[in-house]
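Participant: Right, I'll just put the structure down here and ask away after.
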Amino acid sequence: MLLVAEPSLGEEEKAALAAVIDAGWITMGDRVRAFEKAFAETQGVPDSVAVSSATAGLHLALAALGIGPGDEVLVPSATFVATANVILHVGATPVFVDVEDPALPLMSLDDAAAKVTERTCAAMLVDYAGYLPDAGRWRAFAEAHGLRLIEDAAHAAGVRGAGTIGDAGVFSFYGNKNMTTAEGGAVIARDPAVLERVRNLRGHGMTTSVQQRLSGHASGYDVIAPGFNYRMDELRAAIGLVQLAKLPGWNATRKDLTGLYRTRLADECPDVTVPFAEPRASAHHIMAVLLPDGVDRQRVADALRAEGVQTSVHYAPLHHFTYYRERFPGVSLPRTEDFARRELTLPLHPKMDAADVDAVVRALARALSSQREGIAA
Ligand SMILES: *Cc1c(COP(=O)(O)O)cnc(C)c1O
């Protein structure tokens, strides 16, 4: 089966894990710090804070920026549910915003502007599929309305500029992302004081770490905020350091495969729309396509599966999930709904080659034409 996403793990990761076990220091040590520095360098920023997941990182970013009860946060509905869940975790209210267009599934500036109220305090951008929103336009929007900007860059590790559009950016190293630590994430922030607040809140709000105390650099600790345990451990950081070195090559492969998909789909499946037609910085995290109107997506997915091709949907709109529908009834986002109805995610990962892309596109063309014949009959 050709999978939608697949981690690349091997002997180097095994050796890195064994080295941590041999060393005996398994959490919050030199490797976590080394990984934070190396990841920051990859993103072209001074520093980062490694966390247990992107979800934890998003929660910390909101908390560190002082977003809380009574605040409204603009957020797309076309995203993974963690993006909105964390807004509720800090006691704030998510306000769902439509996408620009089904073929440009990033949060709409116009719809965001229409939904600003006197309670709006932040907007949560999502780098959908790894494509970066327009930094300049969002910064101007945030400035005009006095808003904080937080970027869910879970899809965008390794792209210069990702996570730097606003006040804070958060990356995911979950198993299906562009690089993985199994579970893990990282936070970057424009203001070093915000990043230090994230670092403090990550570890219970404590002012020093066990390592600092054991090494004699600190004798005790104070607690300056009711923080969390959102730490990364040395085993994950060790895997992360190996993966980070490979990330640029993998992202280049993803870019090539995406380009090939675009060409082959235009030839074989001209009625399939591939979003983000205009060039835009991207980590090419997933291969999202839009099926033609009226096509039964499940039947297409079943036909592809029968040919050994896994597919997925990114994403069911958040405002349609039971919890969100009941808590925030009456939300209507026509462009998001159209996008979510037609979107199909095709396999894309660096273990694939040109022949794999070809096989997927031909299988999709067959599935679509047999469905057209079915409709005609
Ligand atoms: C994967 C993902 C997350 C959550 O990342 P975790 O590291 O699993 O917590 C958040 N937002 C988006 C858009 C994601 O794809």
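None of the figures in this text is laboratory data; all of them are computed from the coordinates on show. The shown structure was predicted, so the numbers you read here are calculated from the model rather than taken from an experiment. Please note: Cβ atoms are built from the backbone with ideal geometry, for glycine as well, and neighbour counts cover all protein chains shown.
Participant: Just to confirm the filter: which trypsin sites (Lys or Arg not before Pro) across segment 69-161 are DSSP coil and have at most 16 other Cβ within 10 angstrom of their Cβ?
Facilitator: Here the trypsin sites (Lys or Arg not before Pro) that fit, given the DSSP loop and packing criteria, are K115, R119, R160.
Participant: Can I ask one more? By a straight-distance test (C-alpha under 30 Å), which lysines pair with K37 as possible cross-link partners, with residues fewer than eight away in the same chain excluded?
Facilitator: K14, K177, K246, K255, K351
Participant: Also, quick follow-up: Contour minus end-to-end for E373 and E326, with contour as 0.36 nm per residue of separation and end-to-end as the Cα-Cα distance?
Facilitator: Between E373 and E326, full extension yields an extra 12.9 nm.
Participant: Along the three principal axes, how long is segment 147-296 when you take its alpha carbons, biggest first, rounded to the nearest angstrom?
Facilitator: Principal-axis extents of segment 147-296 (Cα, largest first): 67, 37, 29 Å.
Participant: Across segment 199-207, in residue order, what do the Karplus-derived ³J(HN,Hα) couplings come to in whole Hz, using 6.51 cos²θ - 1.76 cosθ + 1.60 with θ = phi - 60° and x for Gly and Pro?
Facilitator: 4, 5, 5, 4, x, 6, x, 7, 7
Participant: Over every pair of different alpha-carbon atoms in the chain, take the mean of 1/r and invert it; report that Kirkwood radius in Å. Walk me through the intermediate numbers first.
Facilitator: Numbers: mean 1/r = 0.0463 Å⁻¹.
By the Kirkwood definition, the hydrodynamic radius is 21.6 Å.
Participant: Note down the nm distance, to one decimal, between modelled labels 7 Å out along Cα→Cβ at D110 and at L3.
Facilitator: 4.1 nm
Participant: Taking only Cα atoms and a 10 Å spring cutoff, compute GNM fluctuations for the chain and point out the largest among A129, A18, A103.
Facilitator: Comparing A129, A18, A103 in the GNM, the peak value goes to A18.
Participant: I've got another one for you. Quick check: the angle from helix 54-64's long axis to the longest principal axis of the chain, C-alpha only, nearest 10 degrees?
Facilitator: 50 degrees
Participant: Starting from the Cα of V313, step 7 Å along the direction of its Cβ; do the same at H217; then give the gap between the two resulting points in nm.
Facilitator: Once both label points are built, they end up 4.9 nm from each other.
Participant: How far is helix 135-145 tilted off the main Cα axis of the chain, in degrees rounded to 10, range 0 to 90?
Facilitator: 70 degrees
Participant: Only loop residues by DSSP count here, and only those with at most 16 other Cβ atoms within 10 Å; note down the chymotrypsin sites (Phe, Trp or Tyr not before Pro) in segment 1-105 that meet that.
Facilitator: Sites meeting the loop and neighbour criteria: W25.
Participant: Check which residues have an amide H placed less than 5 Å from V97's amide H, if you skip close sequence neighbours.
Facilitator: Here V75, S77 satisfy the definition.
Participant: About its Cα centre, how strong a charge dipole does segment 188-231 have in debye, to the nearest 20, once Lys and Arg get +1 and Asp and Glu get -1 at the Cβ?
Facilitator: In debye, rounded to 20, segment 188-231 gives about 140.
Participant: Would you kindly derive the ³J(HN,Hα) couplings of segment 17-26 from the backbone phi angles with the Karplus curve 6.51 cos²θ - 1.76 cosθ + 1.60 (θ = phi - 60°), listing them in order in whole Hz, with x for Gly and Pro?
Facilitator: Ordered by residue, 3J(HN,Hα) equals 5, 4, 5, 5, 5, 5, 6, x, 9, 9 Hz.
Participant: Continuing with the same structure: Mean residue ellipticity at 222 nm from the helices of the chain, using -39,500 (n - 2.57) per DSSP H segment of n ≥ 4 over the full residue count, to the nearest 500 deg cm²/dmol?
Facilitator: Result for the chain, helices only: -13500 deg cm²/dmol.
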